[in-house]
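Following this message is one structure expressed as structure tokens.
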Amino acid sequence: GVAMCSTGTLSILRSDSYADLSQYRDQHFRGTRYDQERLLRKSCTLYVGNLSFYTTEEQIHELFGKSGDIKKVIMGLDKVKKTACGFCFVEYYTRGDAENAMRYINGTRLDDRIIRTDWDAGFKEGRQYGRGRSGGQVRDEYRQDYDAGRGGYGKTVQ
Amino acid sequence: MSRRRHSDDSDAGQPHKRRRTSEPSEIEERLESLICRVGEKSNSSLESNLEGLAGVLEADLPNYKSKILRILCTVARLLPEKLTVYTTLVGLLNARNYNFGGEFVEAMIRQLKECLKVNMYNEAVHLVRFLSDLVNCHVIAAPSMVAMFENFVSVTQEEDVPQVRCDWYVFAFLSSLPWVGKELYEKKDAEMDRLLSQTESYLKRRQKIHVPMLQVWTADKPHPQEEYLDCLWSQIQKLKKDRWQERHILRPYLAFDSILCEALQHNLPPFTPPPHTEDSVYPMPRVIFRMFDYTDDPEGPVMPGSHSVERFVIEENLHCIIKSHWKERKTCAAQLLSYPGNNKIPLNYHIVEVIFAELFQLPSPPHIEVMYTTLLIELCKLQPGSLPQVLAQATEMLYMRLDTMNTTCVDRFINWFSHHLSNFQFRWSWEDWSDCLTQDLEKPKPKFVREVLEKCMRLSYHQRIIDIVPASFSVLSPANPVCIYKYGDESNRSLPGYTVALCLTIAIKNKASNDEIFSILKDVPNPNQDDDDDEGFTFNPLKIEVFVQTLLHLAAKSFSHSFSALAKFHEVFKTLAESDEGKLHVLRVVYEMIAVLVDKMIRTQIVDCAAVANWIFSSELAHDFTRFYIWEILHSTIRKMNKHVLKIHKELEETKARLARQHKR
């Protein structure tokens, strides 16, 4: 006889590429690769990048609130100036809400900029600061182009 | 699932993933992949791909028959948009291997029974349709299919069963007829006429009180919002009048007619619908959403009429595509746009209509609202020369019909439109909507524009919105959201509590403790002092105002600052807001930064859901009663309450189970 299971599915329908882990792993993470991946797979926290320096917490709340109730938003800060430097963390109460943000808010616009979201292993004190030498994000150290929303030219160009 | 072995120099502590002796599992993956991909874009014709695949599967039958049966049953259930591709495949297999055909039919019947038992009615419809199309492929004998439909329609004679049960069996019968009506009528016209007549009399006597609740618009013009069975009945009537000629559905089996008509057919076993039980949950009735007709795209192909069976088939298939691919927005958009229409249908219009049908579905959309916004953006990216125009046309039409649109749907329209605009630099021809400026501000159109601009502002900033609308729209533009702190204005220094507020401000800035805060607040006079209070905890509204206003003014910089303030002064809040009136008054005071703060206050149990409800329905809020943000708060509060109830219920069940296990020892 044939084992029938009316709840079985097909692998093409299981595909969920937007919610999968990316290739990025935090080099400053304390722990093994395996630990990091385990945390990423159950995380409710997203890293959000390519924000304008002028994007406010309220705007982030309004946009990311569309995929579910937000527990916390932590703005990324320039380590020296303590001002917004173009990234943040968004923590949801449930994983499902975070997944929907990855599926439907990642790659869309906020303040006219295409923002990028990725899974984060969880906020720890200190991670709200940019890791670039000048205090902002690394990408703004070496950037050659002019970006009005991110302080103009990259730091090494200035 | 990948089963590759990781190299030995991977991180310490990472478990090795062993290679299973799982060749069969790899073969199953390959078979599943081959079967699922047939019908996708290919260099060869669909016919030759089907023929090739039938050959491969026939060769694999001796070793992998049960796996192939399982995969085919699953695609029948889960890929209804490719129905005729797979019925053709089964037809070819049956022609080559009669026993296999018989086993497949048996497996399908078992699966159908299982689905009905576990309330998977939507998937059961796909199985019924698949079986009926197998008649066209000479796998199932037409008379036995008619017999099954006779058993379906006789459910309408059952007594004391929910109407939705009879509805489902009638729907399963009628919705298969676009595929198989012609064949069944040719073989058994008397029986079919009887079935249709029984169906008609059922449809005449059934109740339709659900229709006004589910209609997106209350008006019948320009398109009536029909009850779904009524609409389907009209479509089948028209199909019958056209002598069952149906030209939209792609039927690959026609190319194989000479092979298939040599095949031996199987008879469906007699099928008794499982009886109604207490646990049966049938699908809800629906109202068909229509916003376009053939006049909306005068230059392109003609849109099939609302009572044409083509319209039914197109809409069913597009809904199925969204259901299959909702998690993968690019795939979903690509699959929708590659729906085979042979340029004979205005596909963009159908897609936009189907998406809005889901977005506006009452009571709730099938998927999360934001999915539809992003899906439409993906579609605009893939068809930049045509889809944005259709979307603009749709927006205009929705605006024109706001007067009769269900309020919940208007809210969803507001959310969608503002979010959509924020992805396109807020570009819109606002002047086209100048007619709303001369109307009373509470009327649907100006209200809609006002709420859209408010939402646009929340996604950007105040000046941006002022810049994007014409000056004439300033009456509808949102106010600049600055907090008004009455104790910060020197001209208010005679207000009771003013000096206390000053002391409090300094104290908080100097990181005073809760006890110090309480002693400062002791000096606030109580306007309710004359009331007899036996309880000992007097409700002092002025104390609440001074404390909450001062604290939130200091913390107004951002949400995070406000949340920290709530956390730090949690104890003070709870004391001041101990009574019901106290809770109500706290809510009144936080008016300016509401929705988000109210949410936090509920989560930290400073106020409860009942207080929020009382506040929203209080007289102070009357002038804002129809504002969107009020209802956002109410809905969010109810959602939280529901989640809380579910959580507690679950904990209760778990505790009961633990207790039961303990007793067993």
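Since every read-out is calculated from the coordinates, none of them should be taken as a lab result. Small disclaimer: the values here were computed from a predicted structure and weren't measured. Here the Cβ positions follow ideal geometry from the backbone for every residue, glycine too, while neighbour counts run over all protein chains shown.
Check the straight Cα-Cα distances from B:K238 and name the lysines below 21 Å, setting aside those fewer than 8 residues away within the same chain.
Partners within reach: B:K182, B:K187, B:K188, B:K204, B:K344.
Further question: May I have the convex hull volume per residue, in Å³, for the Cα set of region B:542-590?
61 Å³
Mind checking A:104-110 for the average number of partner chain beta-carbons within 10 Å of each residue's beta-carbon?
Whole-number average of other-chain Cβ neighbours for A:104-110 is 6.
Over its Cα atoms, what ratio of radius of gyration to 2.2 N^0.38 Å does the protein assembly as shown give? Intermediate values should be presented prior to the final figure.
Details: Rg = 31.4 Å, N = 823, 2.2 N^0.38 = 28.2 Å.
Against the empirical 2.2 N^0.38 Å value, I get 1.11 for the protein assembly as shown.
Roughly speaking, what is the stretch gain from B:S33 to B:H210, that is 0.36 nm per residue apart minus the C-alpha to C-alpha distance, in nm to one decimal?
Stretched fully, the B:S33-B:H210 segment lengthens by 59.4 nm.
A further question on this structure: Give me the distance between the Cα centres of region B:591-665 and region B:412-437, rounded to whole Å.
32 Å
A further question follows. Restricting to Cα atoms and excluding each atom paired with itself, what does the Kirkwood estimate give for region B:78-234 in Å?
Numbers: mean 1/r = 0.0589 Å⁻¹.
It is 17.0 Å.
Quick check on region A:33-127: of the DSSP beta bridges with both residues there, what percent are antiparallel, nearest 5%? Before the final figure, lay out the partial values.
On the way: 17 of 17 bridges.
Of all bridge pairs located within region A:33-127, approximately 100 percent are antiparallel.
With charges set only on the Cβ (+1 for Lys and Arg, -1 for Asp and Glu), what does the dipole of the protein assembly as shown come to about its Cα centre, in debye to the nearest 20?
Here the size comes out at about 2740 debye.
Another question, then. Give me the base-10 log of I(q)/I(0) for region B:307-476 at each q in 0.14, 0.18 Å⁻¹, Debye formula, one uniform scatterer per Cα, rounded to two decimals.
Debye intensities relative to I(0), on a log10 scale: -0.78, -1.19.
For chain B, give the magnitude of the charge dipole about the Cα centre (Cβ charges: +1 Lys/Arg, -1 Asp/Glu; no others), in debye to the nearest 20.
Values: 79 positive and 88 negative charges, 387 e Å.
Dipole size: approximately 1860 debye.
Write down the radius of gyration of chain A and its Dmax, each obtained from C-alpha positions, in Å.
18.0, 74
With unit charges on the beta carbons (Lys and Arg positive, Asp and Glu negative) and the dipole taken about the Cα centre of the protein assembly as shown, which residue among B:L250, B:F356, A:I105 sits farthest to the positive side?
The listed residue farthest towards the positive side: A:I105.
Under a plain spin-label model, where a point goes 7 Å from the Cα along Cα-to-Cβ, how far apart in nm are B:K238 and B:E200?
Output for this residue pair reads 1.8 nm.
Only four residue types carry charge here, +1 at the Cβ of Lys and Arg and -1 at the Cβ of Asp and Glu. Report the dipole size of chain A about the Cα centre in Debye, rounded to the nearest 20.
Dipole magnitude for chain A comes out near 520 debye.
Let me ask another. Any chance you could check the Cα centroid distance between region B:218-246 and region B:282-337 for me, in angstrom?
15 Å
May I ask which residue of B:S45, B:H223, B:V170 lies farthest towards the positive end of the charge dipole of region B:27-261, with charges of +1 (Lys, Arg) and -1 (Asp, Glu) on Cβ and the Cα centre as origin?
Projecting each Cα onto the dipole axis, the largest value belongs to B:H223.
Related question: Between B:H570 and B:E40, with labels modelled 7 Å along Cα→Cβ, what's the label distance in nm to one decimal, could you check?
My value for the distance between the label points is 5.2 nm.
Moving on. At a 10 angstrom cut-off on C-beta neighbours, averaged per residue, how do the peptides B:404-417, A:54-67 rank from highest to lowest?
A:54-67, B:404-417
I would also like to ask the following. Rounded to the nearest whole Å³, what is the per residue volume of the convex hull around the Cα atoms of chain B?
That works out to 277 Å³ per residue.
Taking the Cβ-Cβ separation of B:E396 and A:Q144 as r and a Förster radius of 45 Å, what is the calculated FRET efficiency to the nearest 0.05?
Numbers: r = 43 Å, r/R0 = 0.96.
The pair B:E396/A:Q144 has a calculated efficiency of 0.55.
Here's something else I'd like to know. What FRET efficiency do you get for B:T626 and B:D257 if R0 is 51 Å and r is their Cβ-Cβ distance, rounded to the nearest 0.05?
For R0 = 51 Å, the calculated efficiency reads 0.25.
Step through the table entries A:K155/B:K381; B:K574/B:K647; B:K82/B:K208; A:K42/B:K323; A:K42/B:K650, compare each Cα-Cα distance with 31 Å, and write down the pairs that go over it.
Beyond 31 Å between Cα atoms: A:K155/B:K381; B:K82/B:K208.
Round to a whole angstrom and tell me the spacing of the C-alpha centers of region A:54-92 and region B:141-194.
Answer, in whole Å: 57.
Now a separate question. Multiplying the sequence separation of B:S513 and B:K643 by 0.36 nm and subtracting their Cα-Cα distance, what value in nm do you get?
Going from the current span to full extension adds 43.3 nm.
Within 10 Å of each Cβ in B:321-329, how many Cβ atoms from other chains are there, averaged over the peptide? Let's see the in-between values first.
Values: counts 0, 0, 1, 3, 3, 3, 11, 8, 6.
Per-residue shielding by partner chains comes out at 4.
Related question: Hey, what number do you get for chain B at 222 nm if only DSSP H runs of n ≥ 4 count, each worth -39500 (n - 2.57), divided across all residues, to the nearest 500? Mind dumping the intermediate values first?
Values: 29 runs with 394 residues, N = 665.
After summing the helix terms and dividing by residue count, I get -19000 deg cm²/dmol.
So for region A:27-93, what percent of the C-alpha to C-alpha distances run longer than 18 Å?
So the portion of pairs separated by more than 18 Å is 45 percent.
What is the ratio of the Cα radius of gyration of region B:395-492 to 2.2 N^0.38 Å, where N is its residue count, to two decimals?
Its radius of gyration relative to the 2.2 N^0.38 Å reference: 1.20.
Over the whole of B:458-465, what's the average partner chain Cβ count within 10 Å per residue? Rounded to a whole number, please.
4
With equal scatterers on the alpha carbons only and no solvent term, can you work out the Debye log10 of I(q)/I(0) for region B:239-280 at 0.16, 0.18, 0.19 1/Å?
Taken in order of the listed q values, log10 I(q)/I(0) reads -0.82, -0.86, -0.87.
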